[in-house]
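I have placed the structure first, in the form of structure tokens, so that the comments after it can refer back to it.
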Amino acid sequence: MKEYGFIRVGAAVPELKVANPKFNVEKILDVVSDASKKEIGVLVFPELSITGYTCADLFMQDRLLKESLLGLERLKEETKQLSLVLIVGAPLKIGNQLYNCAFVLQKGQILGVIPKTYIPNYNEFYEKRWFAPSEDLLETEIVLFGETVPMGTDLIFEDQELKEAAIGIEICEDLWSIVPPSTDLALNGATLLFNLSSSNEIIGKYEYRKNLVKNHSAKLISGYIYTSSGICESTTDVVFSGSAMISENGSILKENERFQFESNFIYQDIDVLKLHNMRIKDISYMGIKPRRGVRRILVDIPNTKTLERHISKNPFVPSNPDYRNERCSEIFRIQASGLAKRLRHIGCKKTVIGISGGLDSTLAFLVITEAYRMLGISYDNIIAITMPGFGTTSRTLNNSIALMEKYGVTIREIPIVDASLFHMKDIGHDKDVHDVTYENVQARERTQILMDIANREGGLVVGTGDLSELALGWCTYNGDHMSMYAVNTSIPKTLVKYLVRYVADTNESAKQVLYDILDTPISPELLPPTKDGKIKQKTEDKIGPYELHDFFLYHFFRYGAESKKILFMASQVFEGEYSLDAIKKWLCVFLKRFFSQQFKRSCLPDGPKVGTISLSPRGDLRMPSDADVEVWIHELESESK
């Protein structure tokens, strides 16, 4: 999975006996053995995991410190044949001081030692009684078991093959400080941040700690892997739960069950290429200079054969119904507010919209009604026009009229067949040749009607095209591609239906017609219907399934994912629904259309951005209209050979 940017990380909470390094190392080795079978590449254990965190004044005992070193040496020797990178905690005496340290091991070698920076000495914590902070350390190297080892808080462990997989380490209180060491590590390129902790449990601390991990991973655009001491620590005054979390850019990917006496660990694949791409895009992130440089140590993080990660099939649509409804409500308000502001600014009370009986025009229509509600304008100022053409079916025509009637808007029905035939005659086009000219004559005729009526009424034409159509260029240039304000331009097709359903579920009077629109096949209805009056021209038969295209768009545009990675991820999440050949075919279609249709996006009308992806030439996308797609297609074709 390395070639796609995925690194498998783990967080362990081992069974433990306080002040018994021999027992503790045995339990660590058991976990390491099990973790290796799961193909974990980097595994972190809690703070002072070799001795236990709660040894207190026993840290002053030479016997304990010697046993701790013996345990570390055994761990080093016993893991010679294992490839995973291991991070454990233990005390280390240097000169006249004792340090709370993290040790990084791989294949029987200690690669580096990181001392704790911030030493808590408040409330239940008395660490300064035993440990010195990292700033007291004068050495940058130490000798351990006859080998010279780098030591300091400036160490980054970088994979020799995938440079974007770079490991940074901090210890417990470091995360809770105002300026955590991981901040500098991240600014120097560390994408995988590990925290060895011993955070105890009190009321409210679990949620606070969880939010701290999530927010820190979001702020640093990183993977943050956290683990803390378990319930086997001393309970003299406090209780530890053994909380382990794996977070990526503000989301908790995996979390363990706390308060377990037995050893346990969690693991998950982190997408470091995605994180790296996000950092490159975030100029504010890169605008902050690290306070100091780092030393880089090369490691060879093991590869994995499988993917241990949930990838959403519909990345634009939340899977949780409650959260999805909240998201739909927020999007709907953003759309309506954008239109309301524009109407208020230009002093306009009338809008003009073409209603086809399809999803996009329905959503745009509903947005207009909400904007009018916000402004207190009567719905009869909405001029809704249905324009039946050669492919219009009775189902969509009836639904468009029924929808308009439910809301009490001004209804106009203007057939375009005669005007289209007249125009085709003027340009010398055979009406029986059902090609792109035949289709676009109708699209442009409809736009002309809308624009002219808007001029006559002093109104604003509201556009209906969505994000997916813009990505594919599935719109007629200077036809349905044009309007005076476009409310759907950053709404992907897979989300449109959920927004319409959200309104349907809250509007009893219009529910029936809205649900029938939701069940109608997606079609521009520009070609004649079947003999029995059904829709013959189905968009997804021509350009491919929108659920695939939205998946492609999300990963291609949001994270700059390579073609081969998108193909791989799509083959995972759509397994059993589409063959690999079918996914590859439609991905080629997506790439070719995305590149070739940029000229349409270069002159888009104004419209509100509602999500992380927008193709507006004034906002998120600066792309040449004549960019060549060859390297992306070549990569995709090479992947299957």
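Tabulated values for the structure
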read-out: Accessible surface of segment 136-250, 1.4 Å probe, proportion on carbon and sulfur as whole %; value: 52
read-out: Cα long-axis angle, helix 493-506 against the chain (0 to 90 degrees, to the nearest 10); value: 80
read-out: Cα long-axis angle, helix 62-78 against the chain (0 to 90 degrees, to the nearest 10); value: 50
read-out: Inter-part distance where segment 167-227 and segment 523-551 are each reduced to a Cα centre, Å; value: 49
read-out: Rough spin-label spacing in nm, given labels placed 7 Å along Cα→Cβ, for D452 and D505; value: 4.3
read-out: Separation of alpha-carbon centers, segment 406-466 and segment 577-608, rounded to whole Å; value: 25
read-out: Å² of accessible area per residue within the chain, as computed with a 1.4 Å probe and no ligands counted; value: 43
read-out: Unsatisfied cross-links (Cα-Cα over 29 Å) in the set K205/K609; K2/K254; K350/K511; K27/K107; value: K205/K609
read-out: Theoretical gain in end-to-end length, E207 to Y515 [0.36 nm per residue, Cα-Cα removed]; value: 106.8 nm
read-out: When segment 505-570 is reduced to its Cα atoms, the Kirkwood hydrodynamic radius in Å; value: 14.8
read-out: Segment 157-248: relative contact order in percent, alpha carbon pairs under 8 Å with at least 6 residues between; value: 25
read-out: Candidate aspartates and glutamates for bridging to K22, where Cα separation is under 16 Å - those fewer than 8 sequence places away on the same chain excluded; value: D30, D62, E67, E73, E77, E78, E233
read-out: Extended-chain gain in nm, criterion 0.36 nm per residue less alpha-carbon gap, M286 and E630; value: 120.8 nm
read-out: Set of aspartates and glutamates with alpha-carbon distance to K349 below 16 Å, sequence-local pairs under 8 removed; value: E370, D380, E457
read-out: Test item: Cα-centred dipole of segment 341-384, Lys/Arg +1 and Asp/Glu -1 on Cβ, debye; value: 280
read-out: Sequence-distant aspartates and glutamates (8 or more away, or on other chains) whose Cα lies within less than 13 Å of K493; value: D360, D466, E469, E540, E547, D550
read-out: Distance from segment 71-89 to segment 134-149 (C-alpha centre basis), Å; value: 18
read-out: With 5 Å bins from 0: P(r) over segment 1-50, alpha-carbon pairs, percent; value: 5, 20, 27, 19, 13, 8, 5, 3, 1
read-out: Tilt relative to the chain, helix 563-573 - C-alpha long axis, 0 to 90 degrees, to 10; value: 90
read-out: Calculated SAXS-style log₁₀ I(q)/I(0) at q = 0.15 Å⁻¹ - segment 259-398, Debye, Cα scatterers; value: -1.01
read-out: Hydrodynamic radius (Kirkwood) for segment 552-641, which is based on Cα pairs only, to one decimal in Å; value: 14.2
read-out: Too-long pairs where the Cα-Cα distance tops 22 Å, listed order kept, from K116/K274; K163/K564; K38/K80; K341/K406; K431/K536; K38/K305; value: K116/K274; K341/K406
read-out: Computed [θ] at 222 nm, deg cm²/dmol, the chain (DSSP H ≥ 4; -39,500 (n - 2.57); rounded to nearest 500); value: -12000 deg cm²/dmol
read-out: Using alpha carbons only: equivalent-ellipsoid semi-axes of segment 26-150, gyration tensor based, whole Å; value: 25, 16, 13
read-out: Positive-pole candidate from F103, V367, H216, dipole of the chain, charges at beta carbon; value: V367
read-out: Extreme residue, positive dipole direction of segment 446-506, given options T447, L470, M484 (C-beta unit charges); value: L470
read-out: Karplus (6.51, -1.76, 1.60) ³J(HN,Hα), θ = phi - 60°, over segment 481-492, in Hz, Gly and Pro reported as x; value: 6, 10, 6, 9, 7, 10, 8, 9, 5, 10, 9, x
read-out: Residues I178 and S638, FRET efficiency given R0 of 45 Å [Cβ-Cβ distance, rounded to 0.05]; value: 0.40
read-out: Cα lying deepest toward the dipole's positive end in the chain, options A384, G357, S625, charges on Cβ; value: A384
read-out: About the Cα centre, charge dipole magnitude for segment 206-316 (Lys/Arg +1, Asp/Glu -1 at Cβ), debye; value: 780
read-out: Of (i) 1.10; (ii) 1.36; (iii) 1.14, the label for Rg/Rh (Cα atoms, Kirkwood Rh) derived from the coordinates; value: (i)
read-out: Rounded FRET efficiency, nearest 0.05, which uses the C-beta distance separating S329 from E577 and R0 of 35 Å; value: 0.70
read-out: Neighbour cut-off at most 14 other Cβ (10 Å), DSSP loop, GluC sites (Glu not before Pro), segment 574-641; value: E575, E577
read-out: Relative contact order of the chain, defined on C-alpha pairs under 8 angstrom at six or more residues apart (%); value: 11
read-out: For F194, residues with placed amide H under 5 Å, excluding near neighbours; value: G168, I169, E170, I225
read-out: Spin-label pair T530/K349, simplified geometry with 7 Å Cα→Cβ offset, distance in nm; value: 4.7
read-out: Long-range HN-HN contacts of L253 with modeled amide H, under 5 Å; value: I246, S247, E248
read-out: Cleavage-rule hits, trypsin sites (Lys or Arg not before Pro), segment 286-358, DSSP coil, Cβ neighbours within 10 Å at most 11; value: R291, R292, K305
read-out: Estimated translational D of segment 219-306 in µm²/s (Stokes, Kirkwood radius over Cα pairs; 4 °C; 1.567 mPa s); value: 80
read-out: Spin-label zone in segment 87-110 - amide nitrogen under 20 Å from a point set 7 Å from the Cα of K22 along the C-beta vector; value: 90-91
read-out: Point-charge dipole on Cβ atoms (K/R +1, D/E -1) for the chain, about Cα centre, debye to 20; value: 1160
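The values are calculated or read from the model by the stated rules, or taken from the named source; none is laboratory data. This structure is a prediction, so every number in the text was calculated from the model and none was measured. Heads up, the Cβs are rebuilt from the backbone with ideal geometry, glycines too, and the neighbour counts pull from every protein chain shown. Areas reflect the complete protein model, heavy atoms only, side chains present, ligands, DNA and RNA absent. Shrake-Rupley method; radii C 1.70, N 1.55, O 1.52, S 1.80 Å.
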